[in-house]
Amino acid sequence: MLIECSSPTPEGNRIDIVDETTTSISGNKLEGVWFCSHKDGHINRKAYSSSTMRVLGLTQDGKLGFITAPNSYLSYDGGRYYLPANKAYLPVASNAQSELYIISEEDYSAGVSTISIDDAKQSAVYTLTGLQVRKRDESTEGLSKGIYVVKGKKIIVH
């Protein structure tokens, strides 16, 4: 989530947490560290793991994405790097790439021009790589988000 602030000063853009019993937002993939100085024993940082955490930033080619945090972004204490308070991160598998691009739907489907499918299999559903995901069923209901091929046409599942 990106928030555009209306005030040029930090004081004018403060977000107050008013309910300590809030529930998680459904489908949120980000985790984070929030600062709460009024709670006893609250730790305002999280140990950083470059193999399982990515932060929002610019990739090497200047595009927006989730990247391995540079040391300058982190705090260092007691021989460990930490993600500072009020920072979000994307948990990833330990074998994830160091840069994960954020792309638009247009970027995702760019370069796909023509797709041909054997007429006998036109009623099946395929991925863009040619993997058949449904046999003789044109329905995309229940499929993961992405682009599929049905009857030779690209279908976007939101």
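The values are calculated or read from the model by the stated rules, or taken from the named source; none is laboratory data. Everything numeric here is computed off the predicted structure, so don't read it as measured data. No Cβ is skipped: glycine too gets one built from the backbone with ideal geometry, and neighbour counts run over all protein chains shown.
Below are the figures for this structure:
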| read-out | value |
| --- | --- |
| Residue in the stretch 2-16 that is over 28 Å from ILE156 (Cβ atoms), surrounded by 10 or more Cβ atoms within 10 Å (Cβ to Cβ) and at pLDDT 70 or above present | no |
| Condition broken by ARG80, with the remaining ones in (1) modelled with pLDDT under 85; (2) not assigned by TED's automatic domain parsing to the domain that holds ARG136 satisfied | (1) |
| Candidate set from the stretch 83-111 (those that are modelled with pLDDT under 85 and part of a loop (DSSP other than H, G, I, E, B)); member that is farthest from ILE147 (Cα to Cα) | ALA85 |
| Selection status of SER123, modelled with pLDDT under 85, surrounded by 13 or more Cβ atoms within 10 Å (Cβ to Cβ) and either part of a loop (DSSP other than H, G, I, E, B) or touching a helix residue (DSSP H, G or I) at 6+ places or on another chain (Cβ under 8 Å) (or both) | yes |
| Matching residues in the stretch 43-72 - criterion: being part of a loop (DSSP other than H, G, I, E, B), closer than 15 Å to GLN97 by Cβ and not polar (S, T, N, Q) | ASP61, LYS63, ALA69 |
